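Participant: What follows is a single structure, and I will ask about it in a moment.
The values are calculated or read from the model by the stated rules, or taken from the named source; none is laboratory data. Since the model is a prediction, treat every value here as computed from it, not as a measurement. Glycine gets a Cβ as well: all are built from the backbone with ideal geometry, and neighbour counts include every protein chain shown. Just so you know, the surface numbers come from the protein's heavy atoms only, side chains and all, with ligands and any DNA or RNA stripped out. Shrake-Rupley method; radii C 1.70, N 1.55, O 1.52, S 1.80 Å.
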Amino acid sequence: MLTHTQPTVINRARLLERFLRYVQMDTTADPHSENYPSSEGQRDLGRVLASELQAMGADDVELDEHSLVYATLPSTTEGDVPTIALVAHMDTSPEAPGSNVKPRVIDSYTKGDIKLAAGNAIRLEDYPDLANMVGQTLVTTDGTTLLGGDDKAGVAIIMELAESLIEHPELEHGEIRIVMTCDEEIGRGTDKINVDKLGADVAYTVDGGGFGVVDEETFSADGATVTFTGHNIHPAIAKGRMVNSIRAAGQFIALLPAQMDAPESTEGRDGFIHAYEIDGGVGKTTVRLILRSFETHDLDDFAARIREYAHQAAEAVPGINADVRIKKQYRNLRDGLTRIPESIDLVEKGFAKLGVACTRAIIRGGTDGSQLTEKGLPTPNLSSGQHNIHSVLEFANLDEMQLAGEHLVALLGLWSEQKS
């Protein structure tokens, strides 16, 4: 059971109600769109959040032209204390269906598999952490869509925190800047954020899995697009004339590592090359990949290998032209956090105030915090009760979400004591 030693501030019922509303809005990011945000559903959720922030009495509420949502909670303490930004993203992953989400609330989980309406199941054997959640409130889907806890759990936690702090002006905190971003799942979450405008000294993304974890490292990441161009002609007259780009793409995929440097075969601090999408036809086929490592210099090696594999694949199919394009995505937030070590230390002290153990962790992925830290705003990542993300077996733990909010109350109180 999750327990803590401080009085509760976060309104649990309201937190759940918010979360259930938010997840039923389709905000799936579209990696093929050039627009920002990439999907209209993100604009819709942005309007809802801005309206709710205005209704609860937040200051400086803004829904900007990019559909980013900003708001301010004024300081309740005297003196010059750091301004803290709290960040979550409104979009959900395109890697699983995100429309027509039907959330199901399990008020008190009893140990065992969780059967979903579509015939799928969240199995205790596959997810042993469930054994520690007996008696807690879980939210699942019907097994045909993702839930969207990544990161609508974070959105709901920050929104509920804001209203709870407004209702409790006796709680001390410095100025708080709230930011809801778009398109984090496709690597564009901070593209439109002006860090100077934000005016924060430190930030936290509320976008992590489980509870009691602070992510102090992320992957460094690049994207790669490999395009094979051939020549299409009617197969009846194709002899000596057709150049099938699909064959070259197949050769390329076969050259990619499977037993090492692939997500299926790595863990911990291992990086990988991951081909996640392929489309096209005889005339042109495109393979999209992501390159990930905790050591940024490894990405240059991965890119060189992709270029070599593409060259070999093109040579194997005479007449093929291969084009490789590498795009920088984000960088490990580790180095940037050294500028403000308190950004992690106070997280641990906040958990200690709740009587909860804290784990420092690395995340085999990225957050908006990766890019914000690179832009000069140190931004660790905090857990928010998400589980099995990017999957139709995704679920969220309301107990963990509530305690994540209580932890933010404690953390903001600690920052209010850091007077200059």
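Participant: Among the lysines, which fall within straight-line cross-link reach of LYS152, defined as a Cα-Cα distance under 19 Å, with same-chain neighbours fewer than 8 residues apart omitted?
Facilitator: The reachable lysines, counting only those whose Cα sits under 19 Å from LYS152, are LYS102.
Participant: Right, another one. Measure off 7 Å from each Cα along the Cα-to-Cβ vector at ALA117 and HIS231, then give the distance between these two points in nanometres to one decimal.
Facilitator: Taking the simple label geometry, ALA117 and HIS231 are separated by 5.5 nm.
Participant: I need to check one value: relative contact order of the chain, counting alpha carbon pairs closer than 8 Å and at least 6 residues apart, in percent.
Facilitator: Worked out over the chain, it gives 24 percent.
Participant: Amide H to amide H under 5 Å from ALA121: which residues, 5+ apart in sequence or cross-chain, H placed 1.01 Å off N in plane?
Facilitator: Hits under the 5 Å cutoff: LEU116.
Participant: Averaged per residue, what accessible surface does the chain expose to a 1.4 Å probe, in Å²?
Facilitator: 42
Participant: Let me know the charge dipole size of the stretch 101-147 about its Cα centre in debye, to the nearest 20, where only the beta-carbon of Lys, Arg (+1) and Asp, Glu (-1) is charged.
Facilitator: Result for the stretch 101-147 is approximately 140 debye, rounded to the nearest 20.
Participant: Using 20 Å bins from zero, what percent of all Cα-Cα pairs in the chain falls into each bin?
Facilitator: 26, 54, 18, 3, 0
Participant: How much of the pair distance distribution for the stretch 379-420 lies past 11 Å, counting alpha-carbon pairs only, in percent?
Facilitator: Beyond 11 Å sits 70 percent of the P(r) for the stretch 379-420.
Participant: Scan around THR218 for amide H atoms under 5 Å from its own, H built in the peptide plane at 1.01 Å from N, and keep only partners 5 or more places away or cross-chain.
Facilitator: Under 5 Å from the amide H of THR218: LEU333, ARG334, ILE363.
Participant: Rolling a 1.4 angstrom probe over the protein chains, ignoring ligands and nucleic acids, what is the accessible area of CYS182 in square angstrom, nearest 10?
Facilitator: Approximately 0 Å² for this residue.
Participant: Report the calculated FRET efficiency for LYS239 and TYR276 (r = Cβ-Cβ distance, R0 = 45 Å), to the nearest 0.05.
Facilitator: The pair LYS239/TYR276 has a calculated efficiency of 0.80.
Participant: Enumerate the calculated ³J(HN,Hα) couplings along the stretch 338-347 in order (Karplus 6.51 cos²θ - 1.76 cosθ + 1.60, θ = phi - 60°), each rounded to whole Hz, writing x wherever the residue is Gly or Pro.
Facilitator: Values, residue by residue: 5, 5, 9, x, 4, 4, 9, 4, 6, 4 Hz.
Participant: Give the relative contact order (percent, whole number) for the stretch 307-420; include only Cα pairs under 8 Å separated by 6+ residues.
Facilitator: Computed over the stretch 307-420, the figure is 25 percent.
Participant: Using a simple charge model, +1 on the beta-carbon of Lys and Arg, -1 on the beta-carbon of Asp and Glu, nothing else, what dipole does the chain show about its Cα centre, in debye to the nearest 20?
Facilitator: Its charge dipole is roughly 1380 debye.
Participant: List, in order, the whole-Hz ³J(HN,Hα) value for each residue of the stretch 186-197 obtained from phi through the Karplus relation with A = 6.51, B = -1.76, C = 1.60 and θ = phi - 60°; use x for Gly and Pro.
Facilitator: 10, x, 10, x, 10, 4, 10, 8, 9, 4, 5, 5
Participant: Let me ask something additional. Rounded to the nearest 500 deg cm²/dmol, what is the calculated helix-only ellipticity per residue at 222 nm for the chain, with -39500 (n - 2.57) per DSSP H run of length n ≥ 4?
Facilitator: One gets -9000 deg cm²/dmol as the mean residue ellipticity at 222 nm.
Participant: Something else now. Between GLY209 and residues 5 or more places away or on another chain, which pairs have amide H atoms under 5 Å apart, with H built 1.01 Å from N, and which residues are they?
Facilitator: SER384
Participant: Relative contact order for the stretch 23-73 using alpha-carbon pairs under 8 Å, separation at least 6, rounded to a whole percent?
Facilitator: About 27 percent, as a whole number.
Participant: Just to make sure I understand: if all protein chains stay in place, what is the order of GLU17, GLU216 by accessible area at 1.4 Å, largest first?
Facilitator: My answer, sorted largest first, is GLU17, GLU216.
Participant: Computing the accessible area with a 1.4 Å probe over protein heavy atoms, can you report the carbon and sulfur percentage for the stretch 253-350?
Facilitator: Carbon and sulfur together cover 49 percent of it.
Participant: Let me ask you something else. When we measure straight from the Cα of LYS419, which lysines land under 19 angstrom away, once same-chain ones fewer than 8 places off are left out?
Facilitator: Counting by Cα, and skipping residues close in sequence, LYS419 has these lysines nearby: LYS349.
Participant: Let me ask you something else. Based only on Cα atoms, what mean projected area does the convex hull of the stretch 293-420 have, in nm²?
Facilitator: That works out to 11.3 nm², a quarter of the Cα hull's surface.
Participant: Something else about it: Report the label-to-label distance for ASP191 and VAL105 in nanometres (one decimal), using points 7 Å from each Cα along the Cα→Cβ vector.
Facilitator: Placing both labels 7 Å along Cα→Cβ, they lie 3.7 nm apart.
Participant: I'd like the carbon and sulfur percentage of the solvent accessible area for the stretch 34-99, probe radius 1.4 Å, heavy atoms only, ligands and nucleic acids excluded.
Facilitator: For the stretch 34-99, the apolar C and S fraction of the accessible surface comes to 40 percent.
Participant: Can you give the Kirkwood hydrodynamic radius of the stretch 53-186 from its Cα pairs, in Å with one decimal?
Facilitator: Here the Kirkwood hydrodynamic radius works out to 17.4 Å.
Participant: Between ASN35 and ARG288, what is the label-point separation in nm under the 7 Å Cα-to-beta-carbon projection?
Facilitator: With each label placed 7 Å out from Cα toward Cβ, I get 1.7 nm.
Participant: Out of VAL356, LEU291, ALA224, whose Cα points farthest toward the positive end of the dipole of the stretch 211-361 (charges: +1 Lys, Arg; -1 Asp, Glu; placed on Cβ)?
Facilitator: ALA224
Participant: A further question on this structure: Which residues does the label zone of ASP335 cover in the stretch 284-300, counting backbone N under 12 Å from a point 7 Å along Cα→Cβ?
Facilitator: 295-298
Participant: While we're here: Could you check how much of the accessible area of the stretch 120-220 is carbon and sulfur, as a whole percent, using a 1.4 Å probe?
Facilitator: 40
Participant: Give me a comma-separated list of calculated 3J(HN,Hα) values for the stretch 234-242, in order, Karplus coefficients 6.51, -1.76, 1.60 applied at θ = phi - 60°, integers in Hz, x for any Gly or Pro.
Facilitator: 3, x, 5, 10, 8, 4, x, 10, 6
Participant: For a bin width of 5 Å, list the pair-distance distribution of the stretch 112-231 built from all Cα-Cα distances, rounded to whole %.
Facilitator: 2, 7, 12, 15, 17, 14, 13, 9, 7, 3, 1, 1, 0, 0, 0
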